[in-house]
1. As a check on your grasp of the helix formula, calculate [θ] at 222 nm for the chain: sum -39500 (n - 2.57) over DSSP H runs of n ≥ 4, divide by the residue count, round to the nearest 500.
2. In whole percent, what relative contact order does the chain give with Cα contacts below 8 Å and a gap of six or more residues?
3. State the three equivalent ellipsoid semi-axes of the chain, derived from the C-alpha gyration tensor as the square roots of 5 times its eigenvalues, in descending order and whole Å.
4. Could you list which residues have their amide H under 5 Å from that of LYS81, counting only those 5 or more apart in sequence or on another chain, with H placed in the peptide plane?
5. Given the peptides 55-63, 26-34, arrange them by the average over their residues of other C-beta atoms within 10 Å, most packed first.
6. With a sphere of radius 12 Å drawn around the Cβ of PHE131, what net charge do the other residues whose Cβ falls strictly inside it have (Lys, Arg +1; Asp, Glu -1)?
7. Please give the charge dipole size of the stretch 12-137, origin at the Cα centre, charges +1 on K and R Cβ atoms and -1 on D and E Cβ atoms. Round to the nearest 20 debye.
8. Considering only ILE95, ASN133, TYR67, whose Cα is most displaced toward the positive end of the charge dipole of the chain, charges sitting on Cβ of Lys, Arg (+1) and Asp, Glu (-1)?
Amino acid sequence: MRKLTLNDRFLPHQFRRIENEVGIKIPDNIKDFISEYADLSVKENKYINSDGKLFEISQFITYKMMYDFVKEFKEQGLGKKLPFAIDNGGWVFCISFDDESIDKILLYQMEIEWKTKKDAFELVANSFEDFINNLQEETESSL
């Protein structure tokens, strides 16, 4: 059967709009990754942090979801975060562009009570590269 050509999932003007809204410059390697995986699920969707806690990606998000979360973060004063994926409960994985947590992967825990705005985010990984490189597929022996 014929193989069809996929439309681009993220366009350059969409990245510019996100960058302008957040006030950041998204590195090219992250743009490339987002362009390739936006709106998709992958088999390597499990990440275990240094404390042994398991995090699971349900799917990488679309431009619309990313833009909506960026606006929400800005309106709520939650800092400069770039959302890129969601977990099974709808919580959002983000790359931090804030000075105190730059490059760290944080999980936005929405719809729970926080004592402070910093409590809205849980540290997942020390960098985007570490997070992506250590995603694993669930097997009977691995998890």
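Nothing in this text is a laboratory measurement; each read-out follows from the coordinates by a stated rule. These numbers were taken from a predicted model, which means no experiment stands behind them. Note: ideal-geometry Cβ built from the backbone for every residue, glycine included; neighbour counts use all protein chains shown.
1. Values: 4 runs with 40 residues, N = 143.
Computed mean residue ellipticity for the chain: -8000 deg cm²/dmol.
2. Details: 213 pairs, mean separation 28.3, N = 143.
About 20 percent, as a whole number.
3. Details: eigenvalues 106, 95, 35 Å².
Each semi-axis is the square root of five times an eigenvalue, giving 23, 22, 13 Å.
4. Those lying under 5 Å, H to H, from LYS81 are PHE97.
5. Values: 55-63: 18.3, 26-34: 14.6.
The peptides rank, most packed first, as 55-63, 26-34.
6. Details: positive: LYS46, LYS104; negative: GLU44, ASP103, GLU129, ASP130.
That sum, taken over residues with Cβ under 12 Å, equals -2.
7. Numbers: 16 positive and 24 negative charges, 66 e Å.
Charge dipole of the stretch 12-137: 320 debye, to the nearest 20.
8. Checked the options; the winner is TYR67.
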